[in-house]
Amino acid sequence: MAPTLRVCSLYPELMNIYADRGNIAVLRARCQWRGLGFELAAASLGDAVDPTAHDLFYMGGGQDRDQALVARDMSENKRDGLHEAAARGAVVLAVCGGYQLLGHYYQTAEGERFPGIGLIDVRTEAGKKRFIGDVVVDTTLEDLKPTTLVGFENHSGRTFLGAGARALGRVRVGSGNNGGDGTEGCVQGGVVGTYLHGSLLPKNPHLADYLIRRALSRRGMAELAPLDDSIELAAHAKILERAQPRAGER
Ligand code: GLN
């Protein structure tokens, strides 16, 4: 029988800036088009996470106010479950505010520090200038075709990678992790963090499949049936064409 991708959306009502929930719609559609099952659960404030019940966890972006609520809840109710799930091979995708909270901490421009859950070796501190605009990334993620990722960033956080995390890629256009070292996002085991909104997955179907494949591989599903991605890749190509380096940025 075809396997079912079991997805858990973390704080869907709080961490959903710029329609980040569109990423879930893509995961669902790409499973259904292939005749795979798809199950969606949610874990919000007060809920614990069952480390054995999901193949893929997803967390979108959010503003500082929502991040403060979420940061406290994550350390109280989800830290252990998410660490165990990742250690068992679950995949985690986190965007922007969600990405920041998977690291060691997020510090606001006012100097208030929200603890992260330390699932990835990154730390984030807000700067004065916001990084806003199109982003093009050359990714080093295995076997991704095309090798670019496109999206839209809007953040004041500067994220710095520690030795345990590697970059999702290097920015060709845009600021990425911190506007300084040329990196964007992070990969650590099955955890992928990124600043790319867009939503991310509709214009990057190859990344969606990377995540689905990895999440299902531990259940014996090695290959995914190919899909016709001509519309998605035309949208991807449009951003490659539109994205222009911004003044003062790399
Ligand atoms: N508060 C974070 C920042 O601005 C996250 C914003 C977001 O998720 N878009 O850096």
So what is the calculated 222 nm ellipticity per residue for the chain, using -39500 (n - 2.57) for each DSSP H run with n of 4 or more, over all residues, to the nearest 500 deg cm²/dmol? -7500 deg cm²/dmol
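Looking at the chain only, what percent of DSSP beta bridges run antiparallel? Nearest 5 please. Walk me through the intermediate numbers first.
Numbers: 27 of 47 bridges.
Of the beta bridges lying entirely in the chain, close to 55 percent run antiparallel.
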Highest mean first, how do 138-149, 87-98, 172-183 rank when packing is the count of other Cβ atoms within 10 Å averaged over residues? 87-98, 172-183, 138-149
Under 15 Å from a point 7 Å along the Cα-to-Cβ line of residue 34: which residues of segment 40-56 have their amide N that close? 55-56
Near the amide H of residue 123, under 5 Å away, which other amide H atoms are found, from residues 5 or more places off or on another chain, if H is placed in the peptide plane? 104, 160, 162
Which whole-number percent gives the relative contact order of segment 1-104, counting Cα pairs below 8 Å spaced six or more residues apart? 35 percent
In whole Hz and in residue order, list the ³J(HN,Hα) couplings for segment 79-84 that follow from phi through the Karplus curve 6.51 cos²θ - 1.76 cosθ + 1.60, θ = phi - 60°; x for Gly and Pro. 3, 5, x, 5, 4, 5
Sequence-distant or interchain residues sharing an amide H contact under 5 Å with residue 172, placed H: which? 136, 137, 138
Give the shape of the chain as rounded, prolate or oblate, defined through the alpha-carbon gyration tensor: a ≥ b ≥ c are the square roots of its eigenvalues, a/c under 1.5 means rounded, and otherwise the shape is prolate if a/b is larger than b/c and oblate if not. oblate
Length gained, residue 128-residue 45, 0.36 nm per residue minus C-alpha separation, equals 26.9 nm
Can you grab the distance from the C-alpha centre of segment 89-147 to the C-alpha centre of segment 169-183, Å, no decimals? 12 Å
Distance in nm between label sites at residue 4 and residue 244, each 7 Å beyond Cα in the beta-carbon direction? 5.0 nm
How would you classify segment 45-142 from its alpha-carbon gyration tensor, with a ≥ b ≥ c the square roots of the eigenvalues: rounded for a/c under 1.5, else prolate if a/b is greater than b/c, otherwise oblate? oblate
Loop-only check: which GluC sites (Glu not before Pro) in segment 85-135 are DSSP coil with at most 12 other Cβ within 10 angstrom? 110, 112
Packing-ranked peptide list from 207-217, 75-85, highest mean Cβ count within 10 angstrom first, is 207-217, 75-85
Starting from the amide H of residue 57, placed 1.01 Å from N in the peptide plane, find each other amide H under 5 Å away whose residue is 5 or more places distant or on another chain. 8, 91, 92, 93
FRET efficiency for residue 217 and residue 237, Cβ-Cβ distance as r, R0 = 30 Å, nearest 0.05? 0.55
Karplus-derived 3J(HN,Hα), 6.51/-1.76/1.60, for each residue of segment 27-39, Hz, glycine and proline x: 4, 4, 4, 5, 6, 5, 4, 9, x, 8, x, 9, 10
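Since every read-out is calculated from the coordinates, none of them should be taken as a lab result. On a predicted model such as this, the values are computed, not experimentally measured, just so you know. All Cβ positions, glycine included, derive from the backbone under ideal geometry; neighbour counts span all protein chains shown.
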